[in-house]
Amino acid sequence: MKKLIILFLIALLPVAGICQGELKVNVHPGVELFTIIQILGDKYPQPNPSAYSKEVMNYFGKYKDHPAVKKVISFDKTYTDLVELGWCMSDFPNIKIYEPAELSWYKMYGKENVLEYIKLCRDFFNDTQFWAFFQQHQARYTKWGDDLKANVDSGKLIKKLQDFYRYDAAINWDICIDPLNSWGSHAIMTKTLNPQFSDWLVYNTGYFKEGGAKDADPVFEFRDFENLVWHEGSHVYISTLLKKYQKEIDELSYLYNKDDEGMKRNQINNWPYCFDENMVRSITAALYKKYRTERAYKRQVARQTASDFIYVDELAPFIYDNYINSAKYKNFADFFPEIIKYLQAKYPKKA
C-alpha cells in the first residue's frame, strides 16, 4: 500500500495532547494496539527479538481468540500499514472513534467490515486492559523517543528546511516509533483518517536490527529522515503559493505528462498534483546538493526522473543556482514566480 512513501514528522501525543511546531517522538497507542492485534492473528511480520516484544507476547498472547483478532484473520490479504487505523481513535484511554467517509481500506475490505474491525479493536483495548500495559511502559517509550529525537535534532534537518524558505509555516512534527515493526518505514496520512489530526504529518519507523539481543530494548535508526523532512515539509510550505498562483500554474497544464507510467504508478491524475510533486522533489534535490554530496544529489535527480517526474532534472539546478546560491530574493515566496516564468520560457505552449 503506502510502503516506503517516504513522507514526514509530526508531533505525537505523549499521549494526551500536542504542542504545535514542536518535534516529538513517541509510541502511538492506537498504532501499537492494532499492531499487536495483527501479530496475534499472524497478519503482520513477526517483530525482531527484544525484551519488549517478549513482554508483549507474554501479556497479550492469551487473547488470540478475541473477536478483533478473528476479524483481522477474516480479511484476505492484510497489509502492514493497516495499523494506521489506530489514528481513527482519540482521547485515550476513553477512546472515541472517528468514522472516515472514504478510505482506501473500504475498497479492499468493505466499509462495514473496516468500521466493525475498529470497534472490535476498541473492545480489545478494554478487555485486555491495554492501557495498563501501555502506561507501565511509558517511561521506556519516552526514553526510546528521546534517544531518536536527539539524532534527528543533531542533523538540524528542520532548521535547514526553515532556512531554505525563510518564512514560517504551521507544521506539527511527529516520528511515530513502532517497537514491533521489523519491516520498514512509512508515512501515515492522518488527514484521511481523522480530521482533528489533519495538520499532522506522521512518519512511522520501526526496529530493524535483525539478530538483536532478546533481552535488550529495541533501537530505532536515524535514516532517510532528510528526504522525509524536506519533501513532506515542502508540501506544507508551498501550499499557499500553489493557491496564490493557481491561475498561472493551470495555464501550464499542457506540460502534464499524464501518459507516463510513473504518473499512473504514483496515482497522479491531474496537473496541479503533478506540478506540486515536481516542485517538492526538485526542492529536495536542491537541498541534497547543498547539504549532502554531489553524488547523492545526482542520485536523487536520477531517481525522480526514472519515476517520470520529468521536470526535476531542470528545476532542481534552476532552484539551486538562482535561489540557494543567490541573495537576490528575500524568501522562496519572492522567488516562486520565477519558476513559473522559467517553465513558460523553457517549454512554450505550441500553437
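Any chance you could give the angle, 0 to 90 degrees and rounded to 10, that helix 294-306 forms with the longest Cα principal axis of the chain?
Orientation of helix 294-306: about 90 degrees from the principal axis.
Name the long-range amide H neighbours of Ser185: under 5 Å, sequence gap of 5 or more, or other chain; modelled H, no Pro or chain starts.
Under 5 Å from the amide H of Ser185: Leu4.
Efficiency by 1/(1 + (r/R0)^6): what FRET value for Ser326 and Glu261, r their Cβ-Cβ distance, R0 = 45 Å, to the nearest 0.05? Don't skip to the answer; put the middle values down first.
On the way: r = 36 Å, r/R0 = 0.79.
So the FRET efficiency works out to roughly 0.80.
Take Tyr297, Tyr256, Tyr165 and sort them by solvent-accessible surface of the protein heavy atoms, 1.4 Å probe, largest at the top.
Values: Tyr297 20, Tyr256 45, Tyr165 0 Å².
If we order Tyr297, Tyr256, Tyr165 from most to least accessible, we get Tyr256, Tyr297, Tyr165.
Apply the a/c threshold of 1.5 to the C-alpha gyration tensor of the stretch 291-344 and tell me whether it is rounded, prolate or oblate. Walk me through the intermediate numbers first.
Working: a/c = 3.12, a/b = 1.43, b/c = 2.18.
Oblate shape, in that a/c is at least 1.5 and b/c is the bigger or equal ratio.
Can you give me the relative contact order of the chain as a percent, contacts being Cα pairs under 8 Å and 6 or more apart? Mind dumping the intermediate values first?
Working: 538 pairs, mean separation 77.6, N = 351.
That works out to 22 percent.
So how strong a dipole does the chain carry about its Cα centre when Lys and Arg Cβ are +1 and Asp and Glu Cβ are -1, to the nearest 20 debye? Intermediate values should be presented prior to the final figure.
Values: 46 positive and 45 negative charges, 125 e Å.
Its charge dipole is roughly 600 debye.
Taking every pair of alpha-carbon atoms in the stretch 198-311, give the share separated by more than 19 Å as a whole percent. Before the final figure, lay out the partial values.
Numbers: 3767 of 6441 pairs.
Percent of Cα pairs beyond 19 Å in the stretch 198-311: 58.
Quick one: of Lys111/Lys243; Lys156/Lys341; Lys24/Lys107; Lys264/Lys298; Lys71/Lys107; Lys54/Lys96, which pairs are farther than 26 Å apart, Cα to Cα? Let's see the in-between values first.
Details: Lys111/Lys243 33 Å; Lys156/Lys341 32 Å; Lys24/Lys107 33 Å; Lys264/Lys298 24 Å; Lys71/Lys107 17 Å; Lys54/Lys96 29 Å.
Beyond 26 Å between Cα atoms: Lys111/Lys243; Lys156/Lys341; Lys24/Lys107; Lys54/Lys96.
Multiplying the sequence separation of Gln196 and Lys290 by 0.36 nm and subtracting their Cα-Cα distance, what value in nm do you get? All intermediate terms of the calculation are to be shown ahead of the outcome.
Working: separation 94, 0.36 × 94 = 33.84 nm, distance 3.60 nm.
My answer for the length gained is 30.2 nm.
Kindly identify the stretch 35-93 as rounded, prolate or oblate by the Cα gyration tensor criterion: order the square roots of the eigenvalues as a ≥ b ≥ c, call it rounded if a/c is under 1.5, otherwise compare a/b with b/c, prolate if a/b is larger, else oblate. Let's see the in-between values first.
Working: a/c = 1.39, a/b = 1.17, b/c = 1.20.
Rounded, because the longest to shortest axis ratio a/c is under 1.5.
Remind me, relative contact order of the stretch 250-351 in percent, using alpha carbon pairs under 8 angstrom and six or more residues apart?
On the way: 81 pairs, mean separation 25.5, N = 102.
Computed over the stretch 250-351, the figure is 25 percent.
Rounded, prolate or oblate: which fits the stretch 108-166 when a ≥ b ≥ c are the square roots of the eigenvalues of the alpha-carbon gyration tensor, with rounded for a/c under 1.5 and prolate only if a/b beats b/c? Let's see the in-between values first.
Values: a/c = 5.30, a/b = 1.66, b/c = 3.19.
Since a/c reaches 1.5 but b/c is at least a/b, the shape of the stretch 108-166 is classed as oblate.
Let me know the volume per residue of the alpha-carbon convex hull for the chain, in Å³. Walk me through the intermediate numbers first.
Values: hull volume 50.6 nm³, N = 351.
Per residue, the Cα convex hull of the chain comes to 144 Å³.
Which lysines does Lys258 reach when only Cα atoms under 17 Å apart count, and residues fewer than 8 places away in its own chain are ignored?
Lys349
Could you state the accessible area per residue of the chain in Å², with a 1.4 Å probe and every protein chain left in place? Walk me through the intermediate numbers first.
Values: 16200 Å² over 351 residues.
Using a 1.4 Å probe on heavy atoms only, each residue of the chain averages 46 Å².
Looking at the calculated P(r) for the stretch 75-212, what percent of the C-alpha pair distances fall above 28 Å? Could the numbers behind the result be given before it?
On the way: 2521 of 9453 pairs.
It works out to 27 percent of all Cα pairs.
Taking the Cα centre of each part, how many Å lie between the stretch 103-181 and the stretch 272-332?
Answer, in whole Å: 29.
With a 1.4 Å probe and all protein chains left in place, how much of the accessible area of the chain comes from carbon and sulfur atoms, in whole percent? Don't jump to the answer; show the numbers that get you there.
Working: 7750 of 16200 Å².
Accessible surface attributable to carbon and sulfur in the chain totals 48 percent.
The values are calculated or read from the model by the stated rules, or taken from the named source; none is laboratory data. Every value quoted in this text rests on a predicted model; they were computed, and no experiment measured them. FYI the Cβ positions are ideal-geometry reconstructions off the backbone, even for glycines, and counts take in every protein chain you see. These area figures cover heavy atoms from the full protein model, side chains too; ligands, DNA and RNA do not enter into them. Shrake-Rupley method; radii C 1.70, N 1.55, O 1.52, S 1.80 Å.
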